[in-house]
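Here the structure comes first, spelled out in structure tokens, and everything after it is commentary.
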């Protein structure tokens, strides 16, 4: 390799000299000298990047429908070889993957013909991948859908020209599917850093996301992040120099094409899964009482709306339900776990149980400030302090037995006359 012919020749001489020293031999028929591009394992490698060999594309265009499951396995192997160039491959391969299951009768249908046709089309349109340049600015785009994670790595070549370096995607496992949208989006960044670690570690990387609530989460101190799961994901990113940038979804050039195009694989983070129920386990509340709160949460209309927003993403302010607009500015602090809705480790109390909570925190007829302080240790709802203040002011025993601090009357004292 070399940028000039002289540099190329010097490199070849060094390689040959080193081969002589270690007694290595080359196959003369496999050697290609002074080429602007070379064919290697079904790919074209040049100074511009790496792309699929056109002849290999032609061979794949001639693929015929497999007659049995063994032929299907061979077909999948052939297609998987160029998977790195087609990020939508997992979605396109789904109908074919279903046929590989032993519990499914092998029967090639029109839906499979369409899937194979779409795969061939995408292989023809496959983009080229550019070699990573450590001297160029790196930009990662990350996205998460309901069922998968997607990411791609670009480098800025100036004048707004982004060149694709690599892309990756995977399915969410059973536990991750239930994550909130914020947790999924942060998980997609963790997935991207893991996939592109060798290229981005030690350098500053701009991360573009279309999920705005991630911005304050990344800027906040880890100990102040409400969700333990978000804390753990955030910890995984500390070794990287990341600058999070909000970009509307329509401007994520490549991430949108990756949507729902996930590789048919999942990852299980055992350390993270151990933390899933950590908050609910450590609540100072009996199992019977937790079940009572879960049942009330399920029946609470507002909390159902919040839970729906949590799992599917919060809409813009103008589309938020009027009953829960009070939670909009703190939406990044809200999460759902074990059937309960939390805000910064505090349970958001369903309306039907607020009277019970106020009665409980006022047990022993504590004063207003002490009752409020006790409630703030575990519970939250809008205007909670005001409600507790009104509740305690109407407590009859407190009203009856509260100390009466009457002002003492001024008692006049005799003033002695001064002696002359």
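Out of the residues in segment 206-246 that are part of a loop (DSSP other than H, G, I, E, B) and in contact (Cβ under 8 Å) with a residue 40 or more places away in the chain, which is surrounded by the fewest Cβ atoms within 10 Å (Cβ to Cβ)? Across segment 206-246, the extreme among qualifying residues is 237. Within segment 1-81, considering only helices (runs of 4 or more DSSP H) that don't extend past its boundaries, which have at least 2 residues that are closer than 30 Å to residue 122 by Cβ and at pLDDT below 80? Qualifying helices (runs of 4 or more DSSP H): 54-61, 69-80. Summed over segment 33-53, residues that are without any contact (Cβ under 8 Å) to a residue 60 or more places away in the chain and surrounded by 10 or more Cβ atoms within 10 Å (Cβ to Cβ) total 12.
Of all residues in segment 158-191, those being part of a helix (DSSP H, G or I) and farther than 18 Å from residue 214 by Cβ number 2.
At least 3 residues being modelled with pLDDT under 85 and either in contact with a strand residue (DSSP E or B) (Cβ under 6 Å, 6 or more places away or on another chain) or within 30 Å of residue 186 (Cβ to Cβ) (or both) is the threshold, and among the strands (runs of 3 or more DSSP E) wholly inside segment 314-396 those reaching it are 334-337. The condition (being at pLDDT 80 or above, crowded, with 16+ Cβ neighbours inside 10 Å, closer than 22 Å to residue 151 by Cβ and under 31 Å from the mean Cα position of the chain (by Cα)) is satisfied by just one residue among 130, 86: 130. Is it the case that residue 110 is at pLDDT 80 or above and more than 30 Å from residue 157 (Cβ to Cβ)? Against the criterion (at pLDDT 80 or above and more than 30 Å from residue 157 (Cβ to Cβ)), residue 110 qualifies. Of all residues assigned to segment 294-312, none qualifies as being modelled with pLDDT under 85, in a loop (DSSP other than H, G, I, E, B) and surrounded by fewer than 19 Cβ atoms within 10 Å (Cβ to Cβ).
Of all residues in segment 135-157, those satisfying the criterion of being at pLDDT 85 or above and not in a strand (DSSP E or B) are 135, 136, 157. For segment 60-68, does any single residue satisfy the condition of being touching a residue at least 40 places away in the same chain (Cβ under 8 Å), closer than 23 Å to residue 48 by Cβ and more than 23 Å from the chain's Cα centre (by Cα)? There is at least one residue in segment 60-68 that is touching a residue at least 40 places away in the same chain (Cβ under 8 Å), closer than 23 Å to residue 48 by Cβ and more than 23 Å from the chain's Cα centre (by Cα).
Residue check: residue 412 meets all listed conditions (1) within 22 Å of the chain's Cα centre (by Cα); (2) at pLDDT below 85; (3) surrounded by fewer than 19 Cβ atoms within 10 Å (Cβ to Cβ) but one, namely (1). Yes or no: residue 95 surrounded by fewer than 19 Cβ atoms within 10 Å (Cβ to Cβ) and either under 30 Å from residue 237 (Cβ atoms) or out of contact with any helix residue (DSSP H, G or I) (no Cβ under 9 Å at 6 or more places or on another chain) (or both)? In short, no. Screening segment 367-397 for residues that are surrounded by fewer than 17 Cβ atoms within 10 Å (Cβ to Cβ) and closer than 25 Å to residue 286 by Cα and picking the one that is farthest from the chain's Cα centre (by Cα) gives 370.
The values are calculated or read from the model by the stated rules, or taken from the named source; none is laboratory data. A quick note: this is a predicted structure, and the numbers were derived from the prediction, not measured. All Cβ positions, even for glycine, are placed from backbone atoms using ideal geometry, and neighbour counts span all protein chains on display.
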